[in-house]
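Read the figures in this text as sums done on the coordinates, not as results from a lab. These numbers were taken from a predicted model, which means no experiment stands behind them. Because the Cβ atoms are built from the backbone with ideal geometry, glycine has one as well, and the counts that use them run over all protein chains shown.
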Amino acid sequence: MSQKIRIGIVGYGNLGKGAELALRQNTDMELVAVFSRRRLEKTLSGVPALLVDEAEAYRDKIDVMLLCGGSATDLIEQGPRFSSLFNTVDSFDTHAKIPAYYAAMEQSAKASGKAAAISVGWDPGLFSLNRLLAGAVLPQGTDYTFWGKGVSQGHSDAVRRIPGVKTAKQYTVPKQEAISGVRSGTLPPVNAHEVHVRDCYVVAEPGADLAAIETAIKTMPHYFSDYETHVSFVSEQEFEASHAGTPHGGFVFRTGQTSPDVNHVMEFALKLDSNPEFTASVLVAYARAVFRLAQHGGRGAYTVFDIPFGWLSPKSAAELRQELL
Ligand code: API
């Protein structure tokens, strides 16, 4: 086999650790080092654990850097900083801020001559691809996206950043009557905030102002302010006992008509035991695509819409035609 694609990971939380696991299953790639803000003792796989500030020395040793920080605060800063040195993949997922983030990444990656895949994961990401596909195939129709019930990493991370919060999980809960409404063809077009509830379980720091935390959550723009949001404060013991996992998933539907009374439903569904492990697996597949994109002269920021689907696969174009077409 040709040389392995050399990967670095920035950020060693759930997503970064998930990326490390995913890389073990992809033999055409190798993990070179993990970079984090705090000095780590060691990594799962034994590769060097370095500080973010030490990354520049790896410019010629890493082909693609996986940015595994959260969107609420990390990526806004880390994205442009790393794309000025490396080809990157990130999972920036604050939908309303994607255009501004794209502009910042386009500028830094164009200037450095690198390729940056932004907002990769399952939503945004795989769900976005399905929305595009269904809309192109069924121009007369309606889209519906349902998430959960599951733990949103983005929302949980946003809650954890509120002062006084020790740890937190946010469950996205779809309203069952809305899902039934889509299946029976009776649901009118809706916005996400009308068909989901957001349940937050929060462990507060001792002496924290609980009312202030609850208000900070419920009024947070883009994440909670449009939604029916419930906040429950729980002890650390209860949190560990009842909120250990990170399941997630959901459906994208498009219902459409190709002629009067001729109806179609396109549906794509995910059921995930671990949201971060799955999201990280998507990032890793896109790292391969970004490596090829850069080899083909790709410069600047790209989304899942701009990257050829075949480049996600380790198989060659000829193999794909023969085996999967
Ligand atoms: C939610 C959805 C799914 C987000 C998936 C991923 C994450 O509210 O549950 O943050 O976990 N936005 N971007």
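A few points about this structure:
- Helical contribution to [θ] at 222 nm, DSSP H n ≥ 4, -39,500 (n - 2.57), averaged over the chain, rounded to 500: -10000 deg cm²/dmol
- The stretch 87-238: C-alpha gyration tensor shape, a/c 1.5 cut-off, then a/b vs b/c: oblate
- Cross-link partners for Lys42 among the lysines, with Cα-Cα distance under 17 Å and sequence neighbours closer than 8 places in the same chain left out: Lys17.
- Loop-resident sites, the stretch 1-106, for trypsin sites (Lys or Arg not before Pro), counting at most 14 other Cβ within 10 Å (DSSP): Lys4, Arg37, Arg38, Arg39, Lys42, Arg59, Lys61
- Cα-based reach from Lys149 at 16 Å (exclusive), listing lysines while leaving out same-chain residues under 8 positions away: Lys169, Lys175, Lys271
- For the chain, the Cβ-based charge dipole about the Cα centre amounts to some 740 debye (Lys, Arg positive; Asp, Glu negative; other atoms uncharged).
- The stretch 63-146: C-alpha gyration tensor shape, a/c 1.5 cut-off, then a/b vs b/c: prolate
- Within the chain, the whole DSSP H helices whose Cα atoms reach 15 Å or more along their own axis and whose mean Kyte-Doolittle score is at least -0.5 are 14-24, 98-112, 126-137, 275-295.
- Selected from Asp157, Asp209, Asp123 as most flexible by GNM, with the chain as the system and alpha-carbon contacts under 10 Å: Asp209
- Net charge of the neighbourhood of Trp311, taken over other residues with C-beta under 10 Å away and scored Lys/Arg +1, Asp/Glu -1, is +2.
- Counted charge near Ala134, where neighbours are those whose Cβ lies closer than 15 Å (Asp, Glu -1; Lys, Arg +1): -1
- Rounded to the nearest 20 debye, the dipole size of the stretch 1-108 about its Cα centre is 260 debye, using +1 on the Cβ of Lys and Arg and -1 on the Cβ of Asp and Glu.
- Proximal charge balance of Asp226 [Cβ under 11 Å; K/R count +1, D/E count -1]: 0
- Shape category assigned to the chain from the gyration tensor of Cα positions, a/c cut at 1.5: oblate
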